[in-house]
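Worksheet: the structure to be examined is printed underneath.
Rule-based calculations on the coordinates, nothing more; no lab input. Here the structure is a predicted model, which is why all the values come from computation and not from measurement. Because the Cβ atoms are built from the backbone with ideal geometry, glycine has one as well, and the counts that use them run over all protein chains shown.
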Amino acid sequence: MLVRIPALLTPEEVAHCRAVLERSAWIDGRHTAGDQAAGAKKNLQLPVESQEAQALGDIVLRALGRNPTFNSAALPLRVMPPMFNRYDPGMTFGMHVDNAIRAIPGSGGMRIRADLSSTLFLTPPEEYEGGELVIQDLYGTHQVKLAAGDLVLYPSSSLHAVSPITRGSRWASFFWSQSMIKDDGMRAQLYELDLAIIEARAAMGDGSQAVLRLVNHYHNLLRRWAEL
Ligand code: NI
């Protein structure tokens with residue numbers, strides 16, 4: 001399931017991120033890639049331990065915390081500190097798979113299972129050509145290029161790539177989440193049910209017996225399936 005989250009960051013937050021990234025020192029992105037992925041990867045990243053990456057990462061994490069769509073669709077247990085990357089003309093990331101297990105930097109060896117990948121776009125699409133995020137899933141190949149401040153959430157199990165940049169520069173934040181619901185299909189069912197409950201509450205009101213039973217059903221499924 002691909003979920004688009006519009007305006008995760010406010011325009012002011014995007015402008016602040018861009019101003020900080022503008023004066024940051026970028027390094028070769030192969031530092032954080034697995035073996036297969038490193039061969040396909042040609043981009044720039046902020047060093048994970050840099051002050052800039054940590055300060056901007058906190059802004060992204062706060063925005064995730066206040067976003068109901070992210071919380072409903074991802075049902076996050078842990079989120080990796082967000083990272084930041086940049087693709088200039090000629091840069092690309094060929095088709096690859098993200099590592100399933102990752103160590104959380106600075107945690108003393110704590111690991112997370114990457115269930116969900118997120119890309120948060122920080123440059124408006126008109127500022128660059130190419131640079132689409134290409135995601136392959138059971139339903140085909142999707143090309144994603146969103147407004148600055150928008151996020152796309154997709155299963156880390158999908159093969160994906162970033163098309164070569166032919167003009168301008170594409171800046172983004174990316175990170176992985178471990179979900180309380182490991183299985184993509186089960187998580188998608190809970191998300192659909194949550195959306196249906198929101199509609200039912202609006203149509204019938206919170207006093208409705210049907211709404212009460214649906215909310216109960218949602219929580220009982222979550223109780224049954226969640227792994228903490
Ligand atoms: Ni990737």
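Applying the Kirkwood pairwise sum to the alpha-carbon positions of the stretch 165-228 produces a hydrodynamic radius of 14.3 angstrom. Peptide packing for 212-221, 88-97, 122-131, 150-159 was compared via the average number of neighbouring C-beta atoms within 10 Å per residue; ordered from the highest value, the list is 150-159, 122-131, 88-97, 212-221.
Principal-axis analysis of the Cα atoms of the chain puts helix 209-225 at an angle of about 50° to the longest axis. Within the shell of other residues whose beta carbon sits under 15 angstrom from the beta carbon of residue 184, the net charge comes to -3, with Lys and Arg scored +1 and Asp and Glu -1. Taking a straight line from the alpha carbon of residue 182, these lysines sit under 28 Å away, with near neighbours fewer than eight places off in the same chain left out: 41, 145. Among the GluC sites (Glu not before Pro) within the stretch 145-228, which fall in a DSSP loop and have no more than 16 other Cβ atoms within 10 Å of their own Cβ? Sparse-neighbourhood loop GluC sites (Glu not before Pro): 227.
Using the alpha carbons alone, the radius of gyration of the chain stands to its Kirkwood radius in an Rg to Rh ratio of 0.99.
Axis angle, to the nearest 10 degrees, between helix 184-204 and the longest C-alpha principal axis of the chain: 60 degrees.
Relative to the longest principal axis of the Cα atoms of the chain, the long axis of helix 11-22 makes an angle of roughly 30 degrees.
Restriction of the trypsin sites (Lys or Arg not before Pro) in the stretch 39-76 to DSSP coil positions whose beta-carbon has at most 13 other beta-carbons within 10 angstrom yields 66.
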